[in-house]
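Below: the structure, in structure tokens.
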Amino acid sequence: MIATGLRLVRPDSLDAVPDGVLIAGGTEVVPQLEDGLLEAETLVDISALLPRGIVGSRIGAGTTLAELEASDTVPAALRQACSLAASPQLRAMGTVGGNLLQSTRCWYWRLRYPCRLHGGETCHAREGRHREHAIFANDFCASAHPSDVAAALLALGATVRTNRRELPIAELYRVPGEDDRRLTVLEPGEVLLELEVPPADASAYLKETDRKRFGFPLVGVAAVRRGGTTIVALAGVAPVPWLLEGTLDASTPLPESEYKVTVARALTSRALATIEGA
């Protein structure tokens, strides 16, 4: 439940941002406040400070998923990932920057079990139910990253610009471990501002969910062809968006998530066929 004394501030610049929880579209932050996963005395609305819109290959972090879905200038994989993410109402509000930083949908984390991402010593998914969990990099934490958009941008080789640095999107994420349980490398006060997305000769994004529409990916597959190189990235299969290097034979599914390997093979085959024929 959101605290009744919560204060909302709108700073004039990123240099004037006070301590607090940053918010732009609010589709991730507000539910976490309601569920007690985030605690804050101050919400800092930075929506007016974020670049918004598409200029050439640059995309402002404040651009909504609906705006990207409707654009004919961004690669197909990104448009498709945005169109398959959430409901129309959420796509109209949610920003691309916020989508990249969304938290896991692991029900143990969401229900505030003392799991490793909450500072505990146990991955409850490994010992309990784990049908929707990771099949790669799941030894310490078996949570699965839920962002369709992140997988598409990873396959596209996007670059992220913050208020402090530029880095490839692959370096934005990190697999959690005992010494550092964070899922991104962002430091306190660091804000995503912009994405640089290079063009592709062909690209596609496909996903499988438990529902026909508006579900988080059980498996998502982004495939990109650029020159003589083909790149595949996956959503819903690791604690972070996963660049597929090699084959799915390297996966380490838990008993209830073995089906994800079969689904990933099928979607990868379909996505590759799509871009080869484009």
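The values are calculated or read from the model by the stated rules, or taken from the named source; none is laboratory data. Predicted, not measured: the structure shown is a model, and the values here were computed from it. Using ideal geometry, Cβ is built from the backbone for each residue, glycine included, and neighbour counts are taken over all protein chains shown. Protein only, heavy atoms only, side chains kept; ligands, DNA and RNA dropped before computing areas. Shrake-Rupley method; radii C 1.70, N 1.55, O 1.52, S 1.80 Å.
Quick notes on this structure:
- Taken along its principal axes, the alpha carbon cloud of the chain reaches lengths of 53, 47, 34 Å, longest axis first.
- Residues in segment 199-212 carry Karplus couplings, in order, of x, 10, 5, 7, 7, 7, 9, 10, 8, 10, 9, 6, 10, 5 Hz; the curve used is 6.51 cos²θ - 1.76 cosθ + 1.60 with θ = phi - 60°, and Gly or Pro positions show x.
- Theoretical gain in end-to-end length, VAL55 to ARG110 [0.36 nm per residue, Cα-Cα removed]: 16.1 nm
- Cβ-placed point charges (K, R +1; D, E -1), dipole of segment 1-125 about Cα centre in debye, nearest 20: 340
- Among the GluC sites (Glu not before Pro) found in segment 147-183, those both in a DSSP coil and sparsely packed, with 10 or fewer other Cβ atoms within 10 Å of their Cβ, are GLU178.
- Computed from backbone phi, the HN-Hα couplings of segment 70-78 come to 8, 7, 9, 9, 9, x, 4, 4, 6 Hz, rounded to whole numbers (Karplus: 6.51 cos²θ - 1.76 cosθ + 1.60, θ = phi - 60°; Gly and Pro given as x).
- Length released on extending from GLU34 to VAL21, taking residue separation times 0.36 nm less the Cα-Cα span: 3.3 nm
- Separation of segment 1-47 from segment 115-152 is 26 Å, based on Cα centroids.
- Note, ³J(HN,Hα) from phi for segment 135-147, Karplus 6.51, -1.76, 1.60, rounded to Hz, x at Gly and Pro: 10, 10, 6, 10, 6, 8, 9, 9, 5, 10, 6, x, 8
- Peptides 73-82, 9-18, 183-192, ordered by how many other C-beta atoms sit within 10 Å of their residues on average, highest first, read 73-82, 183-192, 9-18.
- The GluC sites (Glu not before Pro) found in segment 211-270 that occupy coil by DSSP, while having at most 14 further C-beta atoms within 10 Å, are GLU245, GLU258.
- For segment 172-218, averaging the sequence separation of C-alpha pairs within contact (under 8 Å, six or more residues apart) and dividing by the residue count gives a relative contact order of 20 percent.
- Rolling a 1.4 Å probe over the protein heavy atoms gives the chain an accessible area of 47 Å² per residue.
- Computed over segment 191-278, relative contact order equals 29 percent, with contacts defined as Cα pairs under 8 Å that lie 6+ residues apart.
- Take the convex hull of the alpha carbons in segment 58-120; its mean projected area over all directions comes to 5.3 nm².
- Our summary gives the chain a relative contact order of 18 percent, counting only alpha carbon pairs under 8 angstrom and 6 or more residues apart.
- Within the accessible area of the chain (1.4 Å probe), percent carbon and sulfur: 51
- Among the GluC sites (Glu not before Pro) in segment 89-145, those placed in a DSSP loop whose Cβ has at most 11 other Cβ atoms within 10 Å are GLU121.
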